[in-house]
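Accompanying notes for the structure given below.
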Amino acid sequence: MTKQNVTYKKRQMITAMEQNLCIVTRASDVVGISRKTHYDWLKKDKRYKEAIDELQNVTLDHVELKLHELIDDLNVPAILFYMKTKGKSRGYVERSELAVEGSVESKIIEWTPANKQ
């Protein structure tokens with residue numbers, strides 16, 4: 001690929017990422033490049049990476065908006081998810097408790113490899 005063609009493909013990829021909610025496989029299929037090419041560009045081209053990172057943030061904002069819409073509609077799983085992820089400091093944490101009755105005994109087990117024949 002010529003340098004001019006690479007620049008054009010990068011611009012196409014940025015547009016395709018925006019149109020496909022930053023799903024790399026779908027965007028790279030639209031542009032006609034491999035996923036590996038996209039990840040190589042991320043490593044080597046700072047401006048390309050910055051553009052993709054910004055799109056990732058826009059996508060995250062979009063998904064958060066959809067979550068809030070579900071919460072507004074009183075969607076219980078959405079409410080619980082939000083509280084478990086954003087409400088941790090207020091005690092909304094899912095955890096398991098294990099109660100043990102009686103004594104607990106531990107032993108050290110020594111492992112030795114089998115003899116090779």
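Each row is one residue, and each column tells you yes or no for (1) of a type outside the set (A, V, I, L, M, F, W, C); (2) in contact with a His (Cβ under 9 Å, 6 or more places away or on another chain); (3) part of a helix (DSSP H, G or I); (4) surrounded by 12 or more Cβ atoms within 10 Å (Cβ to Cβ).
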site	(1), (2), (3), (4)
Tyr8	yes, no, yes, yes
Arg11	yes, no, yes, yes
Lys36	yes, no, yes, no
Thr59	yes, no, yes, yes
Lys66	yes, no, yes, no
Leu70	no, no, yes, yes
Lys84	yes, no, yes, yes
Val93	no, no, no, no
Can you give me the number of residues within the stretch 1-35 that are within 26 Å of Val63 (Cβ to Cβ) and either at pLDDT below 95 or not hydroxyl-bearing (Ser, Thr, Tyr) (or both)?
21
Listed residues Ala16, Ala51, Ala78; which is hydrophobic (A, V, I, L, M, F, W, C), under 18 Å from the mean Cα position of the chain (by Cα) and not in a loop (DSSP other than H, G, I, E, B)?
Ala51
Is it the case that some residue within the stretch 27-43 is under 16 Å from the mean Cα position of the chain (by Cα) and β-branched (Val, Ile, Thr)?
no
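The values are calculated or read from the model by the stated rules, or taken from the named source; none is laboratory data. Quick caveat: nothing in here was measured; it's all calculated off a predicted structure. No Cβ is skipped: glycine too gets one built from the backbone with ideal geometry, and neighbour counts run over all protein chains shown.
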